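Enquirer: Before anything else, here's the structure in question.
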Amino acid sequence: MREGQTQPVRREDYTPPAYWIRRVELTFDLDPAKTIVGSKMTVERNAAQPMQPLRLSGDGLNLLRAAKPTPSQVKAAMADFDAAYQGFVAGTPPTD
């Protein structure tokens, strides 16, 4: 959990997301010593927004693997995991 006061988001400050999360499938491997949560997501870039990296936030994350269509993309995804950011940052996707 994050500490401190949260700042309100005003309607005039809202911007639509850069990506749409179309589907999420979660799996849980519960263990007293370590719980593993698997997440499979279908993500679609919002073409109405400027291109930017995909950022997935979380506390205490330890990325075990990231699956993308090709092995080189998987390697790049693993390199993009940023523990200091406490989340996953996928680089800006290529234009279609």
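Read-outs: derived from the displayed coordinates by stated rules, not from any lab. All values reported here derive from a predicted model rather than from experimental measurement. With ideal geometry, Cβ positions are generated from the backbone for all residues, glycine too; neighbour counts draw on all protein chains shown.
Enquirer: Name the residues whose placed amide hydrogens come within less than 5 Å of the amide hydrogen of Val43, ignoring near sequence neighbours (fewer than 5 apart) on the same chain.
Expert: Amide H to amide H, under 5 Å and 5 or more residues apart or across chains, Val43 pairs with Arg22.
Enquirer: What ³J(HN,Hα) values, in whole Hz, does the Karplus curve 6.51 cos²θ - 1.76 cosθ + 1.60 give for region 21-31 when θ = phi - 60°, with x put for Gly and Pro?
Expert: 8, 7, 7, 9, 10, 10, 10, 10, 10, 8, 8
Enquirer: Calculate the translational D of region 1-68 in whole µm² s⁻¹ from Stokes-Einstein, where the hydrodynamic radius comes from the Kirkwood formula applied to all Cα pairs, the temperature is 4 °C and the viscosity 1.567 mPa s. Could you put the intermediate results ahead of the total?
Expert: Details: Rh = 15.3 Å.
Using the Kirkwood radius from Cα pairs, D works out to 85 µm²/s.
Enquirer: Right, here's the next one. Can you give me the long-range amide H partners of Tyr19? Hydrogens built in the peptide plane at 1.01 Å from N, cutoff under 5 Å, separation of 5 or more residues or another chain.
Expert: Counting only residues 5 or more places away or on other chains, the set is Asn46.
Enquirer: What list of ³J(HN,Hα) couplings, whole Hz, do you get for region 34-39 from phi and the Karplus terms 6.51, -1.76, 1.60, once you set θ to phi - 60° and write x for glycine and proline?
Expert: 7, 9, 10, 10, x, 10
Enquirer: Moving to a separate point now. Measuring from centroid to centroid over Cα atoms, what is the spacing of region 25-69 and region 2-21 in Å?
Expert: Region 25-69 and region 2-21 have Cα centres separated by 19 Å.
Enquirer: List the trypsin sites (Lys or Arg not before Pro) within region 10-70 that fall in a DSSP loop (any state other than H, G, I, E or B) and whose Cβ has at most 10 other Cβ atoms within 10 Å.
Expert: Those satisfying the criteria are Arg10, Lys34, Arg65.
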